Amino acid sequence: MTFRASVLTLYPEMFPGPLGLSLAGRGLSEGAWSLEMVQIRDFALDKHRSVDDTPAGGGAGMVMRADVLARAVDHGSPAGDPRPRLLMSPRGKPLTQARVRELAAGPGAVILCGRFEGIDQRLIESRGFEEISVGDYILSGGEPAAIVLLDAIVRLLPGVMGNAQSGEEESFEHGLLEHPHYTRPQEFEGMPIPDVLTSGNHAKISAWRREQAERLTRERRPDLLSGRTQPVTK
Ligand code: SAH
């Protein structure tokens, strides 16, 4: 089963972008996943092909129209489409590795990229979009967020990442940040590789890595230890 991504955007030229290179790009050309682009402007209703209008109630900026977006969604994801509909949005639940894993195990995703001030609320409700955020900051559009989301998903798909094990030892997979890494040369600017890593004692190496992971997590992300960051579920 191929993971099918459909991305609805005003800037389809931004895709596949980085997703066309490296592991994700090879996966795309080898059919491990597929990408369909929907140009929202193609579904405009007037001869000026407008997709946005001024906000009801006043204020700065423009809002993407529900009627135009509904036509684009119904084209890209017709009724009965089993794929989750995701809206990239700073108001969404923060993306987690647990949610990425769930999505990667599913049939695909329909991803809507906002622009301007955002999207008419009625579209979000009528078409059942789940809002997903990539962090507590504001991007100028949903496209970079969609690329982040797809990158995280695609690397987990069967056949995309060479070494399946390296996916399981990453930061967040066990609720901890990852331990530090070292490689040759043995000494760099007066700093040696920690002795334990060259000792050949695998039990000691595992224990050291675990300790380091716990230390880093305590220092940098105590919220992960106290379980305050909940996995995003629907
Ligand atoms: N006025 C909105 C921000 C709009 S930014 C607000 O204050 O909440 C324009 C678009 O960029 C959004 O519709 C969304 O699709 C995307 N975007 C911006 N920041 C994002 C983030 N942190 N995560 C996911 N998408 C984001």
- Query: Quick one: net charge of residue 203's neighbours, Cβ under 12 Å, K/R +1, D/E -1?
  - Reply: +3
- Run through every distinct alpha carbon pair of region 115-234 and return the Kirkwood hydrodynamic radius in angstroms, one decimal place. 18.3
- Query: Order of 105-111, 204-210 by packing, highest average Cβ count within 10 Å first?
  - Reply: 105-111, 204-210
- Message: Can you tell me the length gained on complete extension of the stretch residue 205 to residue 182, counting 0.36 nm per residue apart and subtracting the Cα distance?
- Response: 7.0 nm
- Query: Based on Cα positions only, what radius of gyration and what Dmax would you give for region 3-154, in angstroms?
  - Reply: 15.1, 49
- Using a cut-off of 13 Å between beta-carbons, work out the net charge of the residues near residue 216 (Lys and Arg +1, Asp and Glu -1, residue 216 not included). +2
- Portion, in percent, of the accessible area of the chain that falls on carbon or sulfur, probe 1.4 Å: 52
- Query: Ranked from highest to lowest mean number of other Cβ atoms within 10 Å per residue, what is the order of the peptides 126-137, 215-226?
  - Reply: 126-137, 215-226
- Helix 143-154 sits at what angle to the longest principal axis of the chain, using alpha carbons and giving 0 to 90 degrees rounded to 10? 50
- Note on the structure: Computed curve, region 171-225, Cα-only Debye sum without solvent term, log₁₀ I(q)/I(0) at 0.17, 0.19, 0.24, 0.27 Å⁻¹, is -0.61, -0.73, -0.94, -1.02
- On a 0 to 90 degree scale, rounded to 10, what angle separates helix 202-220 from the longest Cα axis of the chain? 50
- Query: For the chain, what is the accessible area per residue in Å², given a 1.4 Å probe and the full set of protein chains?
  - Reply: 57
- Task: Calculate for the chain the 222 nm mean residue ellipticity that helices alone would give, adding -39,500 (n - 2.57) per DSSP H run of length 4 or more and normalising by residue count, nearest 500 deg cm²/dmol.
- Result: -8500 deg cm²/dmol
- Query: With every protein chain in place, what's the accessible area of residue 2 (1.4 Å probe, Å², nearest 10)?
  - Reply: 60
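The values are calculated or read from the model by the stated rules, or taken from the named source; none is laboratory data. The shown structure was predicted, so the numbers you read here are calculated from the model rather than taken from an experiment. All Cβ positions, glycine included, derive from the backbone under ideal geometry; neighbour counts span all protein chains shown. Keep in mind that these areas ignore ligands, DNA and RNA; they rest on the heavy atoms of the full protein, side chains included. Shrake-Rupley method; radii C 1.70, N 1.55, O 1.52, S 1.80 Å.
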